[in-house]
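J.: Structure incoming, see below.
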Amino acid sequence: MADMQAISTAVKDGRKKIVEKLVTEALEEGVSAETILNKGLVVGMTELGELFKNGEVYVPEVLVAARAMKAGTALLKPLLQAANVQSLGTVAIGTVEGDLHDIGKNLVAMMLEGTGFTVIDLGENVSPDAFVNAAKEGANIVAMSALLTTTMPMMATTIKALEDAGVRDKVKVMIGGAPITQEYADQIGADGYSTDAASAAELAKRLIA
Ligand code: B1M
């Protein structure tokens, strides 16, 4: 019987090979990709985040755990992606400039693809200009992620850059990440905010409707 707690513990401990083995076994047993993601991988990373906050683990441990988490999500990716569906639109997604956290952004990208969007992943540490270029090149939605309170203002800077380039009204802007709130989204004039990857995909559908 697939053990989601074993997966979360393996992520927390940074055991990449064990994560791969347990995720593969769970899939073979018929556990859904969503369950493995939300009840296994994400739980492990969240628990590690608490230890990091309390100074019980440091950046190297977090990096190793992030590598293990990515190995697990890579196995789920094909299952979270929709096959042969007509694109609902194009989303250009990235983590804002100065911010290197990409795990949550990658999950949002996967869920968007799974919902039927074409996703242009700009990566992490993405400059306002890169978002502007993506908008000029036809993206329907600009999606920004930030995990640091110090990089949140870069979302406002990017929206301003979209306005200055004359493309703000061509795109919808959605934002998210652990420190982001609906209040902040309203304050900076974003079109939408969501708390997690699944609701981000729902939000994107509403924005494009
Ligand atoms: Co960093 N880090 N980190 N870190 N790190 C946090 C964010 C922190 C909260 C840890 C803590 O103190 N508790 C803290 C930020 C404090 C703050 O600003 N308030 C912090 C810090 C301080 C730092 C450094 C400054 C540490 C240092 O160097 N002293 C440094 C900064 C580097 C930089 O970016 N310039 C740093 C570095 C790192 C690592 C590189 C070691 C690593 C990142 C590896 C990587 O991403 N490739 C890392 C990690 C892994 C974390 C924690 C532990 C986990 C983040 C994560 O991946 N969570 C994190 C603590 C925590 O969050 N509990 C922490 C799992 C992921 C699935 O969740 O990213 O929240 P999350 O994404 C969710 C939602 O937020 C939402 O959906 C996702 C899935 O449900 N979402 C969106 C995200 N983006 C969205 C976009 C949307 C919609 C929803 O629409 C567009």
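The values are calculated or read from the model by the stated rules, or taken from the named source; none is laboratory data. Note that this is a predicted model, so its numbers are computed, not measured. With ideal geometry, Cβ positions are generated from the backbone for all residues, glycine too; neighbour counts draw on all protein chains shown. Ligands, DNA and RNA are excluded from the accessible area calculation, which covers all protein heavy atoms including side chains. Shrake-Rupley method; radii C 1.70, N 1.55, O 1.52, S 1.80 Å.
J.: Inside region 178-187, can you point out the residues that are within 13 Å of the ligand (Cβ to nearest atom) and either open to solvent by less than 20 Å² (accessible area, probe 1.4 Å) or in a helix (DSSP H, G or I) (or both)?
T.: Of the residues in region 178-187, the ones within 13 Å of the ligand (Cβ to nearest atom) are 178-182, 184-185.
Answer for region 178-187, where residues must be within 13 Å of the ligand (Cβ to nearest atom) and either open to solvent by less than 20 Å² (accessible area, probe 1.4 Å) or in a helix (DSSP H, G or I) (or both): I180, Q182, Y184, A185.
J.: Right, next: Would you mind telling me which numbered condition in (1) free of Cβ contacts under 8 Å to residues at least 60 places away in the same chain; (2) open to solvent by 10 Å² or more (accessible area, probe 1.4 Å); (3) aliphatic (A, V, I, L, M) L88 fails?
T.: (1)
J.: What's the number of the only condition in (1) assigned to a helix (DSSP H, G or I); (2) near the ligand (Cβ under 9 Å from one of its atoms); (3) at pLDDT 90 or above that L100 fails to meet?
T.: Of the numbered conditions (1) assigned to a helix (DSSP H, G or I); (2) near the ligand (Cβ under 9 Å from one of its atoms); (3) at pLDDT 90 or above, the odd one out for L100 is (1).
J.: Among (1) open to solvent by less than 40 Å² (accessible area, probe 1.4 Å); (2) under 27 Å from L79 (Cβ atoms), there is one condition H101 misses while meeting the rest; what is its number?
T.: So H101 meets the others, but not (1).
J.: Looking at (1) at pLDDT below 95; (2) more than 7 Å from the ligand (Cβ to nearest atom); (3) open to solvent by less than 20 Å² (accessible area, probe 1.4 Å); (4) not aromatic (F, W, Y), can you tell me which one A200 breaks?
T.: Going through (1) at pLDDT below 95; (2) more than 7 Å from the ligand (Cβ to nearest atom); (3) open to solvent by less than 20 Å² (accessible area, probe 1.4 Å); (4) not aromatic (F, W, Y) one by one, A200 breaks only (2).
J.: Give me the residue from region 108-127 that is open to solvent by less than 20 Å² (accessible area, probe 1.4 Å) and either within 7 Å of the ligand (Cβ to nearest atom) or at pLDDT 95 or above (or both) and, out of that set, nearest to the chain's Cα centre (by Cα).
T.: So the residue we want is G123.
J.: A further question on this structure: Residues of region 40-88 being more than 8 Å from the ligand (Cβ to nearest atom), β-branched (V, I, T) and within 19 Å of E25 (Cα to Cα), which ones?
T.: Of everything in region 40-88, those that are more than 8 Å from the ligand (Cβ to nearest atom), β-branched (V, I, T) and within 19 Å of E25 (Cα to Cα) turn out to be V43, T73.
J.: Can you name the condition, by its number, that F131 falls short on among (1) at pLDDT below 95; (2) among the aromatic types (F, W, Y); (3) within 22 Å of I188 (Cβ to Cβ)?
T.: (1)
J.: Please determine, by comparing only the residues of region 160-177 that are under 19 Å from G98 (Cα atoms) and more than 19 Å from the chain's Cα centre (by Cα), which one is nearest to the ligand (Cβ to nearest atom).
T.: Per the criteria, the residue is L162.
J.: Out of curiosity, is I141 open to solvent by less than 40 Å² (accessible area, probe 1.4 Å), within 14 Å of the ligand (Cβ to nearest atom) and over 21 Å from F117 (Cα atoms)?
T.: In short, no.
J.: From the list D191, D169, which residue is open to solvent by 60 Å² or more (accessible area, probe 1.4 Å), in contact with a Lys or Arg (Cβ under 7 Å, 6 or more places away or on another chain) and among the acidic types (D, E)?
T.: Working: D169 fails: in contact with a Lys or Arg (Cβ under 7 Å, 6 or more places away or on another chain).
Sole residue among the options that is open to solvent by 60 Å² or more (accessible area, probe 1.4 Å), in contact with a Lys or Arg (Cβ under 7 Å, 6 or more places away or on another chain) and among the acidic types (D, E): D191.
J.: Please enumerate the residues belonging to region 144-155 that are more than 9 Å from the ligand (Cβ to nearest atom) and surrounded by fewer than 19 Cβ atoms within 10 Å (Cβ to Cβ).
T.: The one that is more than 9 Å from the ligand (Cβ to nearest atom) and surrounded by fewer than 19 Cβ atoms within 10 Å (Cβ to Cβ): P153.
J.: Can you find a residue in region 28-41 that is assigned to a helix (DSSP H, G or I), open to solvent by 40 Å² or more (accessible area, probe 1.4 Å) and of a type in the set (A, V, I, L, M, F, W, C)?
T.: no
J.: Right, something else. Got a sec? Which of T95, T151, T157 is assigned to a strand (DSSP E or B) and touching a residue at least 24 places away in the same chain (Cβ under 8 Å)?
T.: T95
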